[in-house]
Amino acid sequence: MVEFFSLAIYFTLMREPNPARVRRSGNLLSLSLPRCVLMMSAILFVNQGCPAPVPVHPPARGLRARQTDDMLRRVLALGKNGDWLVIRGYHKTDQLVAAATRTPLSHAAVLDMQNEQVIEAEGKGVHTTKLRAFIDKAHRLLLIRPIWAKNPGAGDKAVVIARKLVGMPYDFLGTVGLDHPHAYYCSELAVSVYKDFIKKKDKLPKVMEPGQMYLWGTILYDSRPRDTE
């Protein structure tokens, strides 16, 4: 599993438009060291003969727009602040994460209903994205209400925390369990905004995969994979 995630991180690093910006705060690791480690892990991945990722492709523009509008209506009707949007995306990194985790999901974000946005962590760090744009990049979307959202005001507080984290760096090595307290990968961000409500009995994994997140929540909506015809 480490090799799978490392390969996904490697391609995420390659996706970063200005890799020199991808550095840790505090006791920093220079980019060159993580890249060397990730490249070695990629070699291990290939040598183990793991199956190639099965890619998904978006439908034609008009059909995609109609599907996105329908998915957006469902999220707006059912969603609340602090819910999770867990998706299967179209980017190469999404393809690799899905193959790495052997699940049909690859990315996660926190829903901000008031602003019709999500807060997400990608290679460029924690940032906001318009809700429709986020949905448009999803081949499949799950709207999940975290178990901790049942606490009064928890969802609203989660959004406040998530917005305060905008601008923080991406936790590249956190995806292999070497997490940094001031950096976040996608599902790590989505879970960490509920830190005040998480208890030991919840038994969270060291590395939370997008495809595992439903285990700590209730699925309110599943778009299912898009039709491409």
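Quick note: the coordinates plus some simple rules give every number you see, no bench work behind them. All figures in this text were calculated on a predicted structure; none of them were measured in a lab. Glycine also receives a Cβ, built like all others from the backbone with ideal geometry; neighbour counts cover every protein chain displayed.
Need one number: nm distance between label points at ARG102 and ARG132, each 7 Å from Cα along Cα→Cβ, rounded to one decimal.
The answer from the label model is 4.0 nm.
What's the magnitude of the charge dipole for the range 176-221 around its Cα centre, counting Lys and Arg as +1 and Asp and Glu as -1 at the beta-carbon? Answer in Debye, nearest 20.
About 260 debye.
Taking just the alpha carbons, could you work out the radius of gyration and Dmax for the range 67-185, both in angstroms?
14.0, 39
By what distance, in whole Å, do the Cα atoms of the range 131-216 stretch along each of the three principal axes, largest value first?
That works out to 35, 31, 26 Å along the principal axes.
If you look for lysine pairs in the range 106-182 that are eight or more places apart or on different chains, how many of them have Cα atoms under 23 Å apart?
For the range 106-182, qualifying lysine pairs total 5.
What does the extension gain come out to for LEU78 and PHE197, with contour length at 0.36 nm per residue minus their alpha carbon separation?
The span from LEU78 to PHE197 would gain 40.6 nm if fully extended.
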